[in-house]
Amino acid sequence: MDDDELLARSVHDPAAFGTFYERHERLVLGYFVGRVRDSELAADLAAETFATALLAARKYRGDGAPASAWLLGIARHVLLGSVRKARVQDRARRRLGMEPIVLDDALLERIARIDMETLLARLGPDQAEAVRARVLDDEDYGVIAARLRCSESVVRQRVSRGLARLRTMVEEEA
């Protein structure tokens, strides 16, 4: 089942969102670990990201972009909100009645092993640059295309394929 289908089903089937979560947990944790350099904070931010994604799943429209890009967009907003307030916002978790994540040694070890730059280095240079610019730096496709001297559709393709390869790499390391 693809991500779009999982998100559509998750509105009425929590197990579908659980599958989506398992598929993307390392990607989201890696995103935060690379930015906050604190395992506990990264786990809290990831939990808030997935709680927000669950609440927003009914509004999700893939529009051809990978669901992982949508999820990382949510992660970016969670991170920016956290930075603005200098703490993790857990409103979505509270609305869903979710308990805060308890960090055990196994989770801390998994988080510590994630290094987004190492994963990006395993992509081809064109894909890595496109993913870094679009997903991590949140640049517009047009800006990236102008800098890389290619079309927006080429950038979109590089981002999509790069995210798919990253997900495969993360799943293989799990």
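Criterion first (assigned to a helix (DSSP H, G or I) and modelled with pLDDT under 65) does ILE111 satisfy it? If you could, list the steps in order and put the result at the bottom.
On the way: assigned to a helix (DSSP H, G or I): yes; modelled with pLDDT under 65: yes.
Yes; evaluated as a whole, the condition is true for this residue.
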The stretch 129-154, residues that are modelled with pLDDT under 90 and among the hydrophobic types (A, V, I, L, M, F, W, C): VAL131, ALA133, VAL135, LEU136
Test result for ARG161, farther than 23 Å from PHE32 by Cβ, free of Cβ contacts under 8 Å to residues at least 60 places away in the same chain and loosely packed, with under 12 Cβ neighbours inside 10 Å: no
Lone unmet requirement of (1) at pLDDT below 90; (2) among the charged types (D, E, K, R); (3) closer than 18 Å to HIS77 by Cα for GLU40: (3)
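The values are calculated or read from the model by the stated rules, or taken from the named source; none is laboratory data. Because the structure is a prediction, the values reported are computed rather than measured. Note that each Cβ is placed from the backbone with ideal geometry, even for glycine, and that neighbours are counted across all protein chains shown.
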